[in-house]
Structure formats: structure tokens, C-alpha cells
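Participant: Questions regarding the structure given below will be posed in turn.
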């Protein structure tokens, strides 16, 4: 597999798919007298649209031995895990999904935006290249003398159509609506979507766009490579720190089962082979989920929905 660009969330789903696959291998090796636990995993299909089934199978094979070793160290319980795709995003009610699925992998924003926190709990969050959480910047050229987001009305903006796209869109629209400017579609003259943050930054640097919204860490990387970018571009707005991806377990699962699954996910980076494969997928580790890590996203969703409701009155 020679692909050099896989979106972050697509890799997140792949890795957990591998985790589930290898637990089933362990289950097949256990004795008949051991306790059997059946679990059902849900994966939103839209995050895998750049991967073929063959690619997914190849990635799962890479992880087989490592995940088997992790699970064997943690438990002798027989795990049988099946999985299904959510073909049309989240069209079913959370109640019906909670009756069918024990594990769901989500973007952290979706967890609150679609009220998954009612039936599931977040147990692990992902880090990318050692960074957690993530912040986002609205950038413009310093010589344009833009001081505030309001100065960008009827201007051209460049946005990254990548793993951060949904959080960026949600935050940007809330930022505009809070200042009574309506949606990004109405506010900006045009929105250009590019595949990488670097392309968005370069488009502003060379006056192809008036502003861009990018990941903070990606901007810092660009500044290190070309200090002139840091001198010529200025921050117009900066987001709070947000989590990005998470593993969720149904609240009603047995606590021992929750701990076994959580530990296996958190241990993926504790071997050299595991670290190498995580690095290949652009990830560093998975960390325990804590309420304070998710509070900024919870507030963003709550405030955004409250503002939208107020505007409709």
C-alpha cells in the first residue's frame, strides 16, 4: 500500500477495526469452558470512503500479532465481536443504535452534536503526531490590516478539506453567528477547499485567498520550514482546544469488559512494532478520555444550538 495521504479519522476507524479483528482470533484459540462475551461494533461508513475493503484487510493483517499479544496479556475471556457500518451517517435514533451496538467509534464533535453521550461513554481519545488537543486559526496577511473576523466579510477564504473539516466548519459558523453575521456560506465571497493545511496557508501567503482556517500545529510546522510565513501572516481568530476522535462504549456494558477493551486500545503504542505502525498512520497514541478534555466541544455544540434556536425565534 503506497498511499501517502489517509485522513486521520479514516485511520482511526481502521485501527479499531484491526483491534476487533484480532480479538476474534484470540477468541478462536480459547477453550470452550471460558466465558464468552459477544459485542457489536458500529463504524460510520462515510469516513472510509477513500479505502477499499482490500486496503482494510491489508491493514488488519499488519496488526494481527501485536493485538493478539496485548489481549492475551489482559484476559482469558472469550470475545466474539461483530461489526457493521452505519451506511447513512446517523439516520437511526440513538435509542435504536444503543440496542444494537456496544461499541461506536466517532469524531468527538459528533459525540455531542448527535447526542451519543446519552447511551455511550467516551473511553479513549486519539493523538496525532504527539499533539492533543487541537486548536485552529483564522489567518490573513499582515499587510491587509485585517483585525477581526468581521473584516473578512465578502472575502475569499481557503479551508482544508481533511480530518479537521467538520470541527472547523462548526466552529467557524458559530464564530460568525455569535457576531450576527450568519453562516460562512453567506458571509464569505467564496470558500475554496484544499486537501492540506499547507496549501491553504500558501494560498494566503501568495495572495490567492484573503484568509484561511488551519490547524495550529500545521501552521507552526510551516513557520519552521519558512519563517517568512510567520512574519507575513497574522492570526485573526483562534479556537479553543478540541479533541478530535474517540472510542465509545455503551454505558450499560459490564465494567470489567469496559476495562479490558479500553486497556487494549490504550496499549497499542507500547511495543516498537505498534509505535511504527501508528506512526505510519499518522497517529502517536490513544489516551484515556477525561470529561475536561471534552468540555470545549460540549460547550461549542450547546452554545451553537442555543444560538441557532434563538435566531429562529
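Read-outs: derived from the displayed coordinates by stated rules, not from any lab. This is a predicted model, so every value here is computed, not measured. Neighbour counts run over all protein chains shown; Cβ positions are idealised from the backbone, glycine included.
Participant: Length gain on complete extension for the stretch residue 224 to residue 295, per 0.36 nm per residue less the alpha carbon to alpha carbon distance?
Facilitator: 22.5 nm
Participant: Rounded to two decimals, what is Rg over Rh for the range 194-313 when you use alpha-carbon atoms and the Kirkwood radius? Walk me through the intermediate numbers first.
Facilitator: Working: Rg = 19.8 Å, Rh = 18.3 Å.
So for the range 194-313, dividing Rg by the Kirkwood Rh gives 1.08.
Participant: Treat the range 136-238 as a sphere of radius equal to its Kirkwood radius over Cα pairs and apply Stokes-Einstein at 4 °C in a medium of 1.567 mPa s; give the translational diffusion coefficient in µm²/s, rounded to a whole number.
Facilitator: Diffusion coefficient, whole number: 97 µm²/s.
Participant: Give me 180, 131 sorted ascending by neighbouring Cβ count inside 10 Å, so fewest comes first.
Facilitator: In order of increasing Cβ crowding within 10 Å: 180, 131.
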